[in-house]
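Visitor: Let me give you the structure first, and then I'll get to my questions.
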Amino acid sequence: MAKRTKIKALYTSGKINETYTVMGWVRTFRNNQFIALNDGSCLKTLQVVVDFENTDDALLKRITTGAAISATGTLIESQGRGQTIELSATDIEILGDSDPEKYPLQPKRHSLEFLREIAHLRFRTNTFSAVFRIRHSVAFAIHKFFNDKGFVYVHSPIITGSDAEGAGEMFKVTNFDLDSIPKKEDGTIDYSNDFFGKATNLTVSGQLEAELGALALSEVYTFGPTFRAENSNTSRHLAEFWMIEPEVAFADLVDNMDLAEEMLKYVIQYVMENNEEDLEFLETRLLNEEKQKPQNERSPMALREKLEFCLNNDFERLTYTEAIRILQNSKPNKKGKFQFPIDQWGADLQSEHERFLVEKHFKKPVILIDYPKEIKSFYMRLNEDEKTVAAMDVLFPGIGEIIGGSQREERLDVLERRMEEMDIPSEEMQWFLDTRRFGTCKHAGYGLGFERLILFVTGMTNIRDVIPFPRYPGNAEF
Ligand code: 4AD
Ligand code: MG
């Protein structure tokens, strides 16, 4: 078989009058002559021109939307409009047929809802190939960012015995026969005969293990799947999502905010430099989609303008207490427009409040710090006021919370007291407390929701459209 050249390579460095072989999937076939071929290496299709007068009719009939083909021919400057180069084919081979009557993807615009139902094929559309190329780019940029700074990538376990967030939203892991689960005399489940000899679950966060790494390697990060059995049927929640969790020894909350802001800007810059074609396509897609919306629901900026804006502005940093004051005095609060009115200090912030602060009040990314201890996790460092903890949430336009993090409680006695107050079983967490017993030091870290960042960068609006095979209540297809 002739050596294959990717379509992207032809566009960037293909030589006119040279012979090439390309392979890909037919998007359309016009006039028995023009194939639009896509191989996923870039958004653009390559026009393959078929010499139909000298091609077998039976072969021509098999060039259908969705079919995989190999085409060999000469690269020439295109005469037609809409493309710069084309391949004048001397040889076409059908690699895999696709029955046009049955192939679900027609060469027309499909709704995102429909494409979600055929997620096994949606990689083949312009929108999803662009999203997943960008998703790859963002993952690569994150690794590059941390690698260049000397962070060590630590693999935290996926099966664990602990609940890192203390929120109890865990999927259980067992190999018990579910029809006959062994019970103890008091009726509770006897996990001693289970696979691990104890109750286990899928991890909700790699943070606690990342802390162990940071207190030896100084600067670490995790990048892995996390799982939450929260029954949230929203466009921002998944039951299985990917999280990046850096953890830094000798760092405080300000260092943590600086790192988060620098990382987000680095990644956005990287995508703007490396995924221009895909961003342009998604920007146009979004503009078209928004034309159907009333004026006041449209985004004030086009996609790349929004990314640019994010790069060029410092994130607004303020305390929870300051935010509550702004929210209490806000128009929607006074006019009863919030679904959850802000009546007092201590209220948990909902997505509507976060988005008001970011989109209406400050009109840029916001970092909120020093939340009431009651609404945050046990491991966050207690501030001197004894009422708030050194937490930080990074809030983004259109998304709300994209990062959650904190300076960690490094004082053993305070941590033990907090765990008791919050009913966190300390017997099972001695390994975690050991870091506070032996060479404890101040440290901080955060978790970035990978899919939420992809939502922001691609301008997509539903988190189910930025992960290949989304898991959410009632759905674990594919
Ligand atoms: O705020 P969270 O729950 O924080 C933690 O898990 C900490 N252990 C992180 C740390 O300090 N190392 O989650 C972190 C981020 C959120 O800001 C959000 O972006 C994302 O994870 N996230 C989700 N993304 C999609 N679907 C869900 N159900 C998510 N829950 C959280
Ligand atoms: Mg959070």
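Visitor: What trypsin sites (Lys or Arg not before Pro) does the range 327-414 have in DSSP loop regions with at most 16 other beta carbons within 10 Å? List each step's numbers first, then the result.
Guide: Working: sites: Lys334, Lys335, Lys337, Arg355, Lys360, Lys363, Lys373, Lys376, Arg381, Lys387, Arg408, Arg411; in loops: Lys335, Lys337, Lys363, Lys376, Arg381, Lys387, Arg411.
Filter output for the range 327-414: Lys335, Lys337, Lys363, Lys387, Arg411.
Visitor: Sticking with the crude label model, points 7 Å out along Cα→Cβ, report the distance from Ala476 to Leu178 in nm, one decimal please.
Guide: 0.7 nm
Visitor: Would you mind telling me the antiparallel percentage of the DSSP bridges in the chain, rounded to 5?
Guide: Around 85 percent antiparallel, to the nearest 5.
Visitor: Turning to a different aspect of this structure: Once the other residues with Cβ under 12 Å from the Cβ of Pro332 are scored (Lys, Arg +1; Asp, Glu -1), what is the net sum? Mind dumping the intermediate values first?
Guide: Values: positive: Lys331, Lys334, Lys335, Lys337, Arg355, Lys360; negative: Glu352, Glu359.
Net charge around Pro332: +4.
Visitor: If you count only protein heavy atoms with a 1.4 Å probe, what accessible area per residue comes out for the range 82-199, rounded to a whole Å²?
Guide: So the range 82-199 comes to 60 Å² accessible per residue, rounded to a whole number.
Visitor: Just to check I understand the Karplus step: with θ = phi - 60° and J = 6.51 cos²θ - 1.76 cosθ + 1.60, what whole-Hz values come out for the range 8-24, glycine and proline as x?
Guide: 4, 5, 5, 5, 8, 9, x, 9, 4, 6, 8, 9, 9, 10, 10, 9, x
Visitor: Which percent of the accessible area of the range 373-478 is formed by carbon and sulfur heavy atoms (probe 1.4 angstrom)?
Guide: 47 percent
Visitor: Note down the relative contact order for the chain as a percent, whole number, built from C-alpha pairs under 8 angstrom at least six residues apart.
Guide: Relative contact order of the chain: 13 percent.
Visitor: Keeping every protein chain present and rolling a 1.4 Å probe, give me the accessible area per residue for the range 235-364 in Å².
Guide: 53 Å²
Visitor: Toward the positive end of the charge dipole of the chain, about the Cα centre and with charges on Cβ (Lys, Arg +1; Asp, Glu -1), which of Trp431, Ile324, Gln83 goes farthest?
Guide: Gln83
Visitor: Find the relative contact order for the range 9-80 and round it to a whole percent, using C-alpha pairs within less than 8 Å whose residues are 6+ positions apart. Let's see the in-between values first.
Guide: Details: 106 pairs, mean separation 29.9, N = 72.
Result for the range 9-80 is 42 percent.
Visitor: Summarise the accessible area of the range 17-174 (1.4 Å probe, protein heavy atoms) by the percent that is carbon and sulfur.
Guide: Details: 4000 of 8130 Å².
Result for the range 17-174: 49 percent of the exposed heavy-atom area is carbon or sulfur.
Visitor: Which lysines does Lys337 reach when only Cα atoms under 28 Å apart count, and residues fewer than 8 places away in its own chain are ignored?
Guide: Filter leaves Lys291, Lys293, Lys306, Lys360, Lys363, Lys364, Lys373, Lys376.
Visitor: Could you tell me how far the Cα centroid of the range 272-307 sits from the Cα centroid of the range 377-435, in Å?
Guide: Result: 38 Å between the Cα centres.
Visitor: Select from Ile134, Leu212, Gly161 the residue farthest towards the positive end of the dipole of the range 97-221; place +1 on Cβ of Lys and Arg, -1 on Cβ of Asp and Glu, and compute about the Cα centre.
Guide: My answer, from the dipole projection, is Ile134.
Visitor: Which of the listed residues, Val50, Tyr446, Asn201, is farthest toward the dipole's positive end in the chain, when Lys, Arg count +1 and Asp, Glu count -1 at the beta-carbon?
Guide: Of the options given, the answer is Val50.
Visitor: For an R0 of 41 angstrom, estimate the FRET efficiency from the Cβ-Cβ distance between Leu121 and Asp413 and round to the nearest 0.05.
Guide: 0.10
Visitor: Would you calculate the separation in nanometres between label points at Gln339 and Glu427, each defined as 7 Å from the Cα along the Cα-to-beta-carbon direction?
Guide: According to this spin-label approximation, the distance is 4.1 nm.
Visitor: Assign one of three labels to the range 80-224, namely rounded, prolate or oblate, based on the Cα gyration tensor with a ≥ b ≥ c the square roots of its eigenvalues; rounded applies when a/c is under 1.5, prolate when it is not and a/b is larger than b/c, and oblate otherwise.
Guide: oblate
Visitor: Let me ask something additional. Hey, any idea what % of the range 175-303's accessible area is carbon plus sulfur with a 1.4 Å probe?
Guide: Working: 3210 of 6460 Å².
Carbon and sulfur together cover 50 percent of it.
Visitor: I'd like to compare 290-301, 71-82, 20-31, 218-229: which one has the highest average count of other Cβ atoms within 10 Å, and what's the full order after that?
Guide: With the highest mean Cβ count within 10 Å placed first, the list reads 218-229, 20-31, 71-82, 290-301.
Visitor: Once amide H atoms are placed 1.01 Å from N in the peptide plane, what residues at a sequence separation of 5 or more from Thr90, or on another chain, have their amide H within under 5 Å of its amide H?
Guide: Close amide H contacts, sequence-distant or interchain: Thr72, Gly73, Thr74.
The values are calculated or read from the model by the stated rules, or taken from the named source; none is laboratory data. If you're wondering where the values come from, they're calculated on a predicted model, not measured in any experiment. Reconstructed Cβ throughout: ideal geometry from the backbone, glycine too, with neighbour counts over all protein chains shown. For accessibility, only protein heavy atoms count, side chains too; no ligands or nucleic acids. Shrake-Rupley method; radii C 1.70, N 1.55, O 1.52, S 1.80 Å.
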